[in-house]
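Worksheet: one structure, shown below.
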Amino acid sequence: MKKLTTSQLRRLYLDFFVERGHRLVKSDSLVPANDPSVLFTSAGMNQFKDNFLGKVKDFRRATSAQKCLRTGDLEEVGRTPFHHTFFEMLGNFSFGDYFKKEAIEWGWEFVTRVLEIDPADLWVSVYEDDSEALDLWHKHMKLPLEKIKKFGAKDNFWPSDAIKNGPNGPCGPCSEIYYQKQDGSSVEVWNLVFTQFNRCDGGVLEPLPTKNIDTGMGLERMSQVLQGVDSNYKIDIFLPIIDAVKESTEVREERVLNMIADHARAVTFCLSDGVLPSNDGRGYVVRKLIRRCAYFAQSKDPKPFVYKIVSSIALSMGDQYPELLERRDNMAQIIKAEEEKYIKNILEGGNEKVGAEIEILKQAGKNEFPADIALDLYITYGISPDFTAEASAAAGLSIDKERLAALFKEEQEKSRSSSKMAGAIFSKDSVQFKKSQFVGYEKDSCKAKIIQIVKDGKDVQSIDDSNFVYWVVLDTTPFYAESGGQVGDHGKIQAGNITLSVTDTVKEGDSMIHFVTVSGRLVSPIRLADDVVAVIDRDRRVAIKRAHTATHILQAILRKVLGPHVQQAGSFVEPDRFRFDFTHFKDISQEDLERIQGLLNEYVLKNDSLKAQVMKKDEAQKTGAIALFGEKYEDSVRVVSIGEYSKEFCGGTHLDQTGQIGMVVITSESSVGSGLRRIEALTGKLALERVRVSFETLEAAAEKLKTSPEQVLVALDQSLSRIKTLEKELRHFQEENIASQNANLPKNKVGNVTFVVHDFKDYDVNMLRQTADLLKKEIPSEGVFVLSSGDVVVCASTSSNIAANVVLQKILPLAGGTGGGRKDFAQGGIKDISKKDLVLRGAKLYIDKGGVLESL
């Protein structure tokens, strides 16, 4: 058996299949392009969807080392020697070319001859009804029958159990190669999927006209075998990461060390592909993984540490993924910001949040902590159920562990279903759009031919219904299809004397799809192969150009003002309006924002020229061109340059000179996530309109304040100062009035508790609070005060036995109301004002009975 590093194994595998006529395809992003069926790329075959469907036919063999991420077995990560969230899958694929014979031959050759693994240590599995694969292994490859095991559809059919449970679509049997360790356990190291059937209703399997091969070899698993270790976490690429975890934490438990190393690696690769922490979708997975690391590494003095591990991951895997080395500092800052937020809001507040829930339950006389509240604490705040259970037990409350386990299983299923590869990834009935040529960089109109018409998701021969939206593909088009954050063009397609209005343009692969409706009367059908003239809405396109060019200028200015760590994380460009998301780890000061605004228009006034050129990606990167954070690019890229200060990968449409933008006005700047900020702005006509309205508003304000526009702020400060003085005088008067009324409030006593229940006329919330505060000062112990005005009810308590929040929980439902707060003060409202008297009588009865509300 050869002793190989993980990098050597990866290279050896890819070279082996390249030598056998396979095209080497770079790993796809963890964010699948144009594939909403999965959150993350979860298998090597994901990026070859169009090849399997026959949409891409320029090559029929491929090999890749694919980055993958799955969260279906999250709780197993670290517990077992082979479970991961992020992993690499080596694959070789055939799209209607070779099939079982070659796939089996090459798999066995690579494992036994190239890797020199002793065949005596290997055995294989086949699907129980796949006699063809059985014969190939036994008769052709000469494996004895005792080395071949038959398994059912659950283990050796893709998708698992598809014959019985679906889904419909392409499927097929599997064959796997296993390595048997000296301790008798086995590791699956090679999986062959023979996609040869189309599953139909009732579990009927129809042979596919084109048969495909999808091979997967887990890089980490095979490295474990070759390096003679008993865990994936002990292979060469993991050891420095584990060491970094030890150096950054006090953790020494192997399970937790492995889990943190895995999660840190997954988070780093997600960030590298542009997935930032957030509260939903992919971003929530990243946030959850960071929080799991922080929680399981808890110490008496928690501090951020995951960000320190990024460098070791980049150094360990940067030979294959150089972008990790380029972005490690940026990614570390994003993780650190997320950790700091979690520690401040969650870990340090965990005791307080759980304690508050326990206090409410105890005041209500409960002796059990509800499982659904425990789950909510975990989902919302990241507070572990173990933490909640321990705190509850210490307070004398039980928790239904079976119910809690069931709820968490449901939550895991949601995670599993959102991250696994959907069985319906291939749709037999999906439309295969035809390729079209884009000429919109040079032209805003052109002659074209209709090459495809789609109605209701199906190809049709003509447009014959003026009340329907059709999808039309032209052989040549000037219409820019929505991509890269830039919206699609609008305009018209002229077919003789009939006009089709283009209301949107979208991209699918190499196809530009025009959404069209008939404008006016449809005198005759428009048919396939008809000659037409395509014309974009020129004014709208120019307005989009103004906004898009402004985003490039903005990024250059942000990197100048805030620092080179700034990277674009997304954008949305529409006519004379844009939003721009970028990485930055603290608030932007007003001074910096004003400087950014000023520089934007300075750069516009320079009237610099723009230049666009197509070049090889490697060449473009050497020139310093900036790529979008996490975006995947082809080998050839378009680079847009502005003067000497901006150079970006970009396929969008742009102006010739920056002066054509006219003006840029920033309308907002905000945080949209940990380490992520957003600027929204207007350009051109919309910017001018904003300035006009603002100036008119300023003049109107000056007129009302009886001053000049230049003196508005001075006059406004004077008015506000006068208002502040008057408010102070009013509060003093109110306090005197409240104190006078309080002296006359009827006070009742039950045992050692003094209580006041009273309804006031025309009191606002602040006056009710002031009244409560004065009563608390007057009766500093064993006092309960329920006060109302309108539909607002407040309760204050200095009692040791009666909590204010519990009082409102008991009485407000009598009038359809709700409320909440603390033991000493709570506030709520009632929906049915006619039942307010019932609420107040309920309060008196509750206090009079010492915390028991009988029927009224």
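Brief remarks follow.
- Theoretical FRET efficiency, 1/(1+(r/R0)^6), r = Cβ-Cβ of Lys586 and Arg769, R0 56 Å, to 0.05: 0.95
- Distance (nanometres) between label positions extended 7 Å along Cα→Cβ at Asp201 and Glu703: 7.1 nm
- Applying the criteria of a DSSP loop state and at most 13 other Cβ atoms within 10 Å to the trypsin sites (Lys or Arg not before Pro) of the stretch 697-747 yields Lys706.
- Charge dipole of the chain about the Cα centre (unit charges at C-beta), most positive-ward option of Ile642, Gly820, Gly850: Ile642
- The stretch 109-157 shape via C-alpha gyration tensor axes, a/c threshold 1.5: prolate
- Taking the charge dipole of the chain about its Cα centre, with +1 at Lys and Arg Cβ atoms and -1 at Asp and Glu Cβ atoms, the residue from Val523, Gly485, Pro209 reaching farthest to the positive side is Val523.
- Normalising the average separation of contacting C-alpha pairs (under 8 angstrom, six or more residues apart) by the number of residues puts the relative contact order of the stretch 476-522 at 33 percent.
- Gain on full stretching of the segment that runs from Asn744 to Val714 - 0.36 nm per residue minus C-alpha separation: 6.2 nm
- Pairs beyond 19 Å (Cα-Cα), from Lys164/Lys458; Lys507/Lys617; Lys749/Lys776; Lys142/Lys181; Lys606/Lys647: Lys164/Lys458; Lys507/Lys617; Lys142/Lys181
- Taking a straight Cα-Cα cut-off under 21 Å and skipping sequence neighbours fewer than 8 places away in the same chain, the lysines within cross-link reach of Lys706 are Lys724.
- Dipole magnitude (debye, nearest 20) for the stretch 568-716, charges at Cβ of Lys, Arg, Asp, Glu: 180 debye
- Paramagnetic reach from Lys622 (point 7 Å along Cα→Cβ, amide N under 18 Å) across the stretch 322-339: 322-323
- With helices as the sole contributors, the chain gives -11500 deg cm²/dmol at 222 nm; each DSSP H run of n ≥ 4 counts as -39500 (n - 2.57), and the sum is divided by every residue.
- With the simple spin-label model, which puts each label point 7 Å out from Cα in the Cβ direction, the Asp791 to Lys449 separation comes to 6.8 nm.
- Cα principal axis extents for the stretch 144-273, largest first, Å: 57, 41, 23
- Rounded FRET efficiency, nearest 0.05, which uses the C-beta distance separating Lys234 from Lys150 and R0 of 30 Å: 0.35
- Selected from Ile148, Pro780, Pro240, residue furthest toward positive end of dipole (the chain; charges at beta carbon): Pro780
- Placing +1 on each Lys and Arg Cβ and -1 on each Asp and Glu Cβ, with no other charges, gives the stretch 137-241 a dipole about its Cα centre of roughly 360 debye.
- The relative contact order of the stretch 192-239, computed from alpha carbon pairs under 8 Å that lie at least 6 residues apart in sequence, is 27 percent.
- The relative contact order of the chain comes to 7 percent, based on Cα pairs under 8 Å that sit 6 or more residues apart.
- Qualifying lysines (Cα of each under 27 Å from Cα of Lys308; at least 8 residues distant if same chain): Lys67, Lys234, Lys246, Lys288, Lys300, Lys336, Lys341, Lys344, Lys560, Lys586, Lys632
- Inter-centroid distance (Cα atoms) of the stretch 13-54 relative to the stretch 823-846, Å: 63 Å
- Debye equation applied to the C-alpha atoms of the stretch 696-741, log10 I(q)/I(0) at 0.16 Å⁻¹: -0.54
- Extension reserve of the Asp759-Lys849 stretch, reckoned as 0.36 nm per residue once the Cα distance is removed: 30.3 nm
- FRET efficiency, Glu696 to Val469 (Cβ-Cβ, R0 41 Å, nearest 0.05): 0.50
- Annotation for the stretch 5-103: GluC sites (Glu not before Pro) lying in DSSP loop with at most 10 further Cβ atoms inside 10 Å of their Cβ are Glu19.
- Relative to the 2.2 N^0.38 Å rule of thumb, the stretch 279-373 has a C-alpha radius of gyration ratio of 1.45.
- Using a probe radius of 1.4 angstrom, the carbon and sulfur fraction of the accessible surface of the chain is 48%.
- The label point for Lys611 and the one for Leu593, both projected 7 Å from the Cα toward the Cβ, are 3.7 nm apart.
- Where trypsin sites (Lys or Arg not before Pro) fall in DSSP loop in the stretch 44-111, at most 10 other Cβ within 10 Å: Lys57
- The chain: antiparallel DSSP beta bridges as a percent of all, rounded to 5: 85 percent
- Using only side-chain charges placed at the Cβ, +1 for Lys and Arg and -1 for Asp and Glu, the dipole size of the stretch 648-790 relative to its Cα centre rounds to 400 debye.
- Using 0.36 nm per residue and subtracting the Cα-Cα separation, the extra length available between Lys434 and Lys728 on full extension is 98.5 nm.
- Candidate lysines - alpha carbon under 20 Å from Lys362, same-chain residues fewer than 8 apart omitted: Lys353, Lys401, Lys810, Lys823, Lys849
- Tail beyond 17 Å, pair distance distribution of the stretch 319-380 (Cα, percent): 59 percent
The values are calculated or read from the model by the stated rules, or taken from the named source; none is laboratory data. Keep in mind the model is a prediction, meaning the values are calculated, not measured. So basically every Cβ, Gly included, is an ideal-geometry build from the backbone, and we count neighbours across all protein chains shown. The protein model used for the area step is the full one, side chains on, heavy atoms only, and it has no ligands, DNA or RNA in it. Shrake-Rupley method; radii C 1.70, N 1.55, O 1.52, S 1.80 Å.
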